[in-house]
Amino acid sequence: MAVLKASGLGKVFPGVVALDGVDLELRGGYVHALIGANGAGKSTLIKILTGYYPSYEGRIELNGQLISIHKPSDAFRYGIEVVHQEVDTTLIPYLSIAENLLIEKLATPAEGFFVRKRELHRQARQILQTLQLDMDVDQPVADLSLPQKQLLVIARAISRNASFLILDEPTASLGVSDVERLFTMIRKLKQRGVSFLYVSHRLTEIQEIADDITILRGGKKVAYFNRETFEMSKAIEAMLGAQPGKLFPTRMPITERELVLEVRNLGWGKRLKNISFQAFRGEVLGITGLTGAGKTELLNILAGCEKADHGDIILDGKVVHFRQPKDAIRHGIFLIPEDRRHRGLWIEHSIRTNVTLPFIRDFSYLSFVLPFKEISHVLQIINRLKLVPPNPEMTVKNLSGGNQQKVVIGKWLLQKGRVVLFDEATQGIDIGAKQEVYVLARELAHTSAVIFSSSDVDEVLGLADHVLVMRDGQIVGEFDTQPIDRQQVMELATGAVRTTTAYTTAQEE
Ligand SMILES: Nc1ncnc2c1ncn2[C@@H]1O[C@H](COP(=O)(O)OP(=O)(O)OP(=O)(O)O)[C@@H](O)[C@H]1O
Ligand SMILES: [Mg+2]
């Protein structure tokens, strides 16, 4: 079986040592997990192995032979394939699933157009079938959800017979059922001798799927475990360089709840049906459900990004109508969006510009920006979210994936809105930053109604006071007494049980 061995890998960017003398071995038929805090160097290591960087330090051997990887085609030749953190960048949106799956074949047309199309579809269906993916091969990729795109890119890499498959946070946007499907796929491929390099911030997943575990901190390899020696608390300590505190902040006693937002009978085509609930200042309202359950759609409507067909949004006792996000922001409704790269960031600009520009008036006096006020605000965000590197002038494009997410969150966190909406806010951020986001969400609940939506059931149960469960565009369960039964929530989310007793069945069709 093929073995890929890297020794002494190093990479320096201006002012940052991203990777420093790291050794790593990938064995055929095994899953090697690579973990570490945001900015630890995981993606950098992956980019070296896949020929993204022409120059770096260190050597790479395949089955004992020194090999040279300095461009993507080198990696491809040695059977190394990668599914990147930003999956969109490798798909062509206006082409169909079949065309994206078999993109090389498009470049070398052997037969006439129609023969080719039929043959393309046949092959694409076959690939999807062997991986048990239920997708329409003729559908344009632009119409797919993020998890669907992720599974598609993985399917494509696998169909090219890669021996080394590198997955950079493959599950960041996947819900439980998609993760299970991915793991089944991985286990099947392991038996065929494929080896995996697997990056994830979800440590319970690592425990389930990994055979080897390497931990990076500040670009250095700080620990190695195998399946037998792996211990969660030791791993977290190695990642953060300190004993972690409690993951979730203590719930505050609800002394003065104030009704801020009420949603009545909201509906949007087939996506949302009969949505009614109340959100109070003084508590965190959690919303959970599988990906595609309608959580993002609901939050988008509340934030003025989409329009409902019917129903009322009542803010502080008054019915409000939002034509665009600006209207919602003016009413103090802030959204931390799911699709961060497209909606949350100016990728070419600095951290400072990204976090202060929407609120520049707060830092100005008579149209002069007050630099001191502005910079202290930015530094506060950088410190609390432990942004790496802690430099306000760093271009967001050059930040690691998780640190980019921290910038989006940071932009809203220090604002005092009436309603703050979190949509999958902790996707892709490390456990230290997650802790901090939970603390900040709690703090915000003192001054705002906080709605925290996530397909990670455990995080919603750990943080929220009151929990709504969504499925197929409807609210199918509501819980408000602690502790909440996890099993029951899961059953409602997946549809194993139709409704709770705690909730009337009026919503069901
Ligand atoms: N082009 C670049 N220019 C400058 N610095 C860079 C560049 N690319 C990466 N870095 C820096 O290198 C360090 C390592 O980044 P990397 O993307 O490897 O982290 P990561 O472990 O993948 O983190 P995450 O979990 O957030 O994805 C970070 O400090 C990052 O800011
Ligand atoms: Mg990364």
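Can you pull out every residue in region 401-430 that is in a helix (DSSP H, G or I) and away from ligand 2 (no atom under 15 Å from the Cβ)? Please lay out each step first, then the result.
Step one: list which residues in region 401-430 are in a helix (DSSP H, G or I), which gives 401-413.
Correct list: VAL408, ILE409, GLY410, LYS411, TRP412, LEU413.
Does any residue of region 314-327 turn out to be assigned to a helix (DSSP H, G or I) and buried (at least 18 other Cβ atoms within 10 Å of the Cβ)? Please lay out each step first, then the result.
Looking only at region 314-327, we keep the residues that are assigned to a helix (DSSP H, G or I), and these are 325-327.
Checking the rest, the ones that are also buried (at least 18 other Cβ atoms within 10 Å of the Cβ) come to 325.
Taking every residue of region 314-327 in turn, at least one turns out to be assigned to a helix (DSSP H, G or I) and buried (at least 18 other Cβ atoms within 10 Å of the Cβ).
Taking region 372-400 as the search range and keeping residues that are within 15 Å of ligand 2 (Cβ to nearest atom) and outside any helix (DSSP H, G or I), which one is farthest from THR356 (Cα to Cα)? Break it down into steps so the answer makes sense when it comes.
Just the residues of region 372-400 that are within 15 Å of ligand 2 (Cβ to nearest atom), to begin with: 387-389, 396-400.
Going one step further and asking which of them are outside any helix (DSSP H, G or I), we end up with 387-389, 399-400.
Values: LEU387: 16, VAL388: 18, PRO389: 18, LEU399: 17, SER400: 20 Å.
Top of the filtered list is SER400.
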Evaluation of PRO72 against (1) closer than 30 Å to SER145 by Cβ; (2) modelled with pLDDT of 95 or more; (3) away from ligand 1 (no atom under 16 Å from the Cβ) (one fails), failing number = (2)
Scanning for something surrounded by 23 or more Cβ atoms within 10 Å (Cβ to Cβ) and more than 16 Å from ligand 2 (Cβ to nearest atom), does region 42-59 turn up at least one residue?
-> no
Wholly within region 2-67, which strands (runs of 3 or more DSSP E) include no fewer than the required count, namely at least 1 residues that are within 26 Å of the chain's Cα centre (by Cα)?
-> 3-13, 16-27, 31-35
When you go through (1) in contact with a strand residue (DSSP E or B) (Cβ under 7 Å, 6 or more places away or on another chain); (2) at positive phi; (3) not basic (Lys, Arg) one by one for SER454, which number turns out not to apply?
-> (2)
Residues of region 303-339 being out of contact with any strand residue (DSSP E or B) (no Cβ under 6 Å at 6 or more places or on another chain) and charged (D, E, K, R), which ones?
-> GLU306, LYS307, ASP316, LYS318, ARG323, LYS326, ASP327, ARG330, ASP339
Filter region 281-290 down to residues that are touching an Asp or Glu at 6+ places or on another chain (Cβ under 6 Å) and under 25 Å from MET490 (Cα atoms) and give me whichever is modelled with the lowest pLDDT.
-> GLU283
Have a look at LEU182, LEU151, LEU189, LEU167 and point out the one that is within 19 Å of VAL82 (Cβ to Cβ), buried (at least 23 other Cβ atoms within 10 Å of the Cβ) and away from ligand 2 (no atom under 16 Å from the Cβ).
-> LEU151
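The values are calculated or read from the model by the stated rules, or taken from the named source; none is laboratory data. In this text the structure is predicted, and so the values were computed from the model without any measurement. All Cβ positions, glycine included, derive from the backbone under ideal geometry; neighbour counts span all protein chains shown.
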